[in-house]
């Protein structure tokens, strides 16, 4: 995590040191990504089964398998294959899919965009609801509202995502009310905006999964802020409680909220794998499931590497926002 010590505390050189700290953190992220790519390559290539035999079928002759090994480059030493793969990655080439014979990047692009849209919509819905509910439960602590919200959030956090997905399908697509499609069938090339009904249940599952954590985080931060001396002084001055809550207390609880939102984004992106499988949503999770089923190693490598890159970029942006949003950094002109 970036700190003020890393970035300097003076107005004169704070911003240059901030840029240096960010660049240093970005360089460390690149090194981590290189290590992840190496472990990923070794792990995927250690998977049981022969890709050539999977592609050609059980009736393939040894000569056909040997020719396929040569075509795929599997007859070369793994260090050479890894270096060649990394050089192609630098140029934006993720390789050729074993299953579709097309470019992996052509598969990754739409899938990543679809998953990011799904998670972004869920965060846009969950974040304001969590802030509002967390602020209210902190203000009316130990009231009936606080206890009811705590019980509901406890139940939501205890139910797995696949169970939430199944329950919503039973309620709104099959058994009770048949008002929403059970699966998100979105043809390739279509805009997600034209398929809003297909997005409702996947987005709802992701939002319901994030709200318990975010609400409790906001509640705890708001309780600490409301007990601060400056809030007590504001009350003594006769300021309205709503102004104290949203103007004075909430901005000082923003740093934990940024950290929590960053963590939720990463967890939701990972949880989207299961949700996309249940709803057949054409995202990166569905692509990974199909790639594993077909033992499509280039696609598996591309999906996991994109996951890792998004995760590290998310962490880097969160650290920068935390530093810029903290009252201490603002007081030093960063």
*asked:* Can you give me the orientation-averaged projected area of the convex hull built on the Cα atoms of the stretch 121-161, in nm²?
replied: 3.1 nm²
*Sorted largest first, extent of the stretch 203-257 alpha carbons per principal axis (Å)*: 44, 17, 13
_If packing is taken as the average count of other Cβ atoms within 10 Å, what order do 314-320, 116-122, 226-232 fall into, highest mean first?_
116-122, 314-320, 226-232
*Once every Cα of the stretch 169-275 carries one equal point scatterer and solvent is ignored, give the base-10 log of I(q)/I(0) from the Debye formula at q = 0.10, 0.20 Å⁻¹, two decimals.*
-0.50, -1.00
*Give the Debye-formula value of log10 I(q)/I(0) at each listed q (0.12, 0.16, 0.21 Å⁻¹), with one equal scatterer per alpha carbon of the stretch 245-309, two decimals each.*
-0.45, -0.62, -0.84
*Based on the mean of other beta carbon atoms within 10 Å per residue, what is the order of 253-260, 273-280, most packed first?*
273-280, 253-260
*How long are the three semi-axes of the equivalent ellipsoid of the stretch 21-145, in whole Å, if each is the root of 5 times an eigenvalue of the C-alpha gyration tensor, listed from largest down?*
46, 21, 14
*Which residues in the stretch 206-247 place their backbone N less than 19 Å from a point set 7 Å from the Cα of residue 132 along the Cα-to-Cβ direction?*
206-220, 222, 241-247
_Net length gained if the chain between residue 145 and residue 76 were fully extended (0.36 nm per residue, minus Cα distance)_ = 18.3 nm
*Please state, as a whole number in µm²/s, the translational diffusion coefficient that the Stokes-Einstein equation yields for the stretch 224-334 at 10 °C and 1.306 mPa s, with Rh defined as the Kirkwood radius across alpha carbon pairs.*
92 µm²/s
_Gain on full stretching of the segment that runs from residue 170 to residue 267 - 0.36 nm per residue minus C-alpha separation_ = 32.4 nm
*Send over the Kirkwood Rh of the chain, from the inverse of the averaged 1/r over different Cα pairs, rounded to one decimal Å.*
23.2 Å
*asked:* Using the alpha carbons of the stretch 95-224, what is the convex hull volume per residue in cubic angstrom, as a whole number?
replied: 144 Å³
*Helix-derived mean residue ellipticity, 222 nm - over the chain, DSSP H n ≥ 4, -39500 (n - 2.57), to 500*: -23500 deg cm²/dmol
*What are the radius of gyration and Dmax of the stretch 71-167, computed over its Cα atoms and given in Å?*
23.5, 69
*Sort 86-95, 101-110 for me by packing, meaning the mean count of neighbouring Cβ atoms within 10 Å per residue, highest on top.*
101-110, 86-95
*Sorting 284, 200, 300, 313 on the 10 Å Cβ count, fewest up front, what's the list?*
313, 200, 300, 284
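Read-outs throughout are calculated quantities, based only on the coordinates presented, and are distinct from any laboratory measurement. This structure is a prediction, so every number in the text was calculated from the model and none was measured. With ideal geometry, Cβ positions are generated from the backbone for all residues, glycine too; neighbour counts draw on all protein chains shown.
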